[in-house]
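One structure is given below, encoded as structure tokens.
The values are calculated or read from the model by the stated rules, or taken from the named source; none is laboratory data. Values in this document were obtained by computation on a predicted structure and should not be read as measured data. Reconstructed Cβ throughout: ideal geometry from the backbone, glycine too, with neighbour counts over all protein chains shown. The accessibility values were calculated without ligands, DNA or RNA, using every heavy atom of the protein model including side chains. Shrake-Rupley method; radii C 1.70, N 1.55, O 1.52, S 1.80 Å.
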Amino acid sequence: MFEFVENTSGFRDFFVDVSVNFDVIDKNGTNFKNNISFEATILNLEHFDILIKSPEFLKDINIEANTLNSATYYKYKNYTISNISDFDINLVYEIIMTTSSFLSSSLFTIFEKGDNLSLIPAGYTFLKRLGLEPTKILVKFNNNKLKEILFTTDKSTESISVKFEKFEILKGDYK
């Protein structure tokens, strides 16, 4: 984990290929399995280019957001819709800082085992005694590269998995 942070700190250009898998039960008790996958190129933490790969009905939608000119473009085949938004680079920094502060707070106990980090909510045993099923977060690394973030509980078969097929730092070799 620390080597991953050390290797990515200071960089502002990234390419990720991500697959988010949902295996959850809805309020009616129906098992809901779904997947959304996308590629994203992030330049200077200001320009975001996202290409949706699945599900099929969203495939090939391209979203391009630029915080410098507050423009967002939605593209599909020969169609383009543009939108001026109040999206701000400070929002990106705020999300990163809030997530970092939240995960490093005393709300979680962090265990490191090999290339994996487990984040267990503080008071885990107490919450279980109350009949609650707290969510555990498992962060998997491979060769100092982020591979997967898995949200699970002990008793449930439900899970949400965020798999990083690729997580690359771009060094001038933009796609």
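Restrict the search to segment 22-58; then list the trypsin sites (Lys or Arg not before Pro) that DSSP places in a loop and that have at most 11 other Cβ atoms within 10 Å of their Cβ.
LYS27
Rolling a 1.4 Å sphere over the protein heavy atoms, what is the accessible area per residue of segment 9-126, to the nearest Å²?
Numbers: 7730 Å² over 118 residues.
It amounts to 65 Å² per residue over segment 9-126.
Between ASN90, ASN44, ASN35, where does the largest GNM mean-square fluctuation fall for the chain, given springs only between Cα atoms within less than 10 Å?
ASN90
For the chain, set up a Gaussian network in which alpha carbons nearer than 10 Å are linked by springs, and say which option among PHE111, PHE126, PHE48 fluctuates the most.
With Cα springs under 10 Å in the chain, the top fluctuation among PHE111, PHE126, PHE48 is at PHE126.
Using only alpha carbons, build the gyration tensor for segment 120-175 and give me the equivalent ellipsoid semi-axes, biggest first, whole Å.
Over the Cα atoms of segment 120-175, the semi-axes work out to 34, 11, 8 Å.
How much of the accessible area of the chain, in percent, comes from carbon and sulfur atoms when a 1.4 Å probe is used?
Carbon-and-sulfur percentage of accessible area, whole number: 57.
Could you tell me how far the Cα centroid of segment 91-161 sits from the Cα centroid of segment 22-47, in Å?
Spelled out, the Cα-based centre of one part sits 17 Å from the other.
What is segment 8-98's relative contact order, in percent, from Cα pairs under 8 angstrom and six or more apart in sequence?
17
Would you calculate, for the chain, the mean residue ellipticity at 222 nm contributed by helices, counting each DSSP H stretch of 4 or more residues as -39,500 (n - 2.57) and dividing by all residues, to the nearest 500?
Working: 3 runs with 28 residues, N = 175.
One gets -4500 deg cm²/dmol as the mean residue ellipticity at 222 nm.
Report which label in (i) 12.7; (ii) 14.4; (iii) 17.8 holds the value of mean projected area of the Cα convex hull in nm² derived from the coordinates of this structure.
(i)
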